[in-house]
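Asker: Quick one: structure below, then a few questions.
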Amino acid sequence: MEAAMGLMRRIHPKHTDTALSALLSLMPEHSSDLLSQVDQPLQVGPEDEGTARYCLTSTVMLSLTTNSDSCGTFSLSGSIRRQMSMQLSMAEGHLCNMGKMIEELEGKLQNSLDQVYFGKTREMVCTLRPPAELATMKLPDS
């Protein structure tokens, strides 16, 4: 497995699909391990009795920088990676199934960005630099 992953790291990104297919045909017993290690946006598994197994991986990279006289310099960056697997009916076709999965995962990623990055950042900034109107208000005792 380690040798296979070493080979995949050295392959030009344009040839990843071809190399991965070749490795999967050479090592079918390690297919799930290989597929979990290689970042592929969408995979459709073997079809079986009118259903197919889909595995969707999505990564969002965030970089936010501001520099102003009133707020100073602020920089926030990071990434979130999520993976979703589903067994879905083929009645509506691959395209409809993929669209539903992409919409669902996109919503989850947006919520994660809002809660993790923006929510926590807002909480920290308000703690460190409370807005003027909050500074004059008396906070209740905990």
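Asker: May I ask you to list pairs of residues, at least six apart or on different chains, whose Cβ atoms are under 8 Å apart, with the first in the range 75-97 being in the same structural domain as Ala52 (by TED's automatic domain parsing) and the second being hydroxyl-bearing (Ser, Thr, Tyr) and part of a helix (DSSP H, G or I)?
Answerer: Within 8 Å, the pairs are Leu76/Tyr117; Leu76/Thr121; Gly78/Tyr117; Ile80/Ser112; Arg82/Ser112.
Asker: Of the residues Gln83, Gln43, only one is surrounded by 13 or more Cβ atoms within 10 Å (Cβ to Cβ) and either over 30 Å from Val125 (Cα atoms) or not aliphatic (A, V, I, L, M) (or both); which?
Answerer: Result of the check over Gln83, Gln43: Gln43.
Asker: Okay, moving on. Based on what the data block shows, is Leu34 within 24 Å of the chain's Cα centre (by Cα) and either of a type in the set (Ser, Thr, Tyr) or assigned to a strand (DSSP E or B) (or both)?
Answerer: no
Asker: So Gly72 ticks every box in (1) at negative phi; (2) in contact with a strand residue (DSSP E or B) (Cβ under 9 Å, 6 or more places away or on another chain); (3) small (Gly, Ala, Ser) but one. Which box is left unticked?
Answerer: (1)
Asker: Are any of the residues in the range 52-66 closer than 30 Å to Arg10 by Cα, touching a helix residue (DSSP H, G or I) at 6+ places or on another chain (Cβ under 8 Å) and assigned to a helix (DSSP H, G or I)?
Answerer: No - not one qualifying residue is present in the range 52-66.
Let's see how each residue does on (1) in the same structural domain as Leu95 (by TED's automatic domain parsing); (2) surrounded by 11 or more Cβ atoms within 10 Å (Cβ to Cβ); (3) of a type in the set (S, T, N, Q):
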{"position": "Ser25", "(1), (2), (3)": "no, no, yes"}
{"position": "Glu29", "(1), (2), (3)": "no, no, no"}
{"position": "Asp33", "(1), (2), (3)": "no, yes, no"}
{"position": "Gly50", "(1), (2), (3)": "yes, no, no"}
{"position": "Tyr54", "(1), (2), (3)": "yes, yes, no"}
{"position": "Val60", "(1), (2), (3)": "yes, yes, no"}
{"position": "Thr65", "(1), (2), (3)": "yes, no, yes"}
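Asker: Of the residues that sit in the range 61-79 and are within 25 Å of the chain's Cα centre (by Cα) and at pLDDT 80 or above, which one is nearest to Ser32 (Cα to Cα)?
Answerer: Checking each candidate, the answer is Thr65.
Asker: Going residue by residue through the range 38-47, is there one that turns out to be within 26 Å of Glu104 (Cα to Cα) and in a helix (DSSP H, G or I)?
Answerer: Among the residues of the range 38-47, not one is within 26 Å of Glu104 (Cα to Cα) and in a helix (DSSP H, G or I), which makes the answer no.
Asker: Can I ask one more? Are any of the residues in the range 52-64 aromatic (Phe, Trp, Tyr) and farther than 30 Å from Leu128 by Cβ?
Answerer: Checked the range 52-64: at least one residue is aromatic (Phe, Trp, Tyr) and farther than 30 Å from Leu128 by Cβ.
Asker: Look at the range 84-109 and say how many of its residues are in a helix (DSSP H, G or I) and either among the small types (Gly, Ala, Ser) or closer than 15 Å to Gln43 by Cα (or both).
Answerer: 11
The values are calculated or read from the model by the stated rules, or taken from the named source; none is laboratory data. In this text, all values refer to a predicted model and were calculated from it rather than measured experimentally. Glycine gets a Cβ as well: all are built from the backbone with ideal geometry, and neighbour counts include every protein chain shown.
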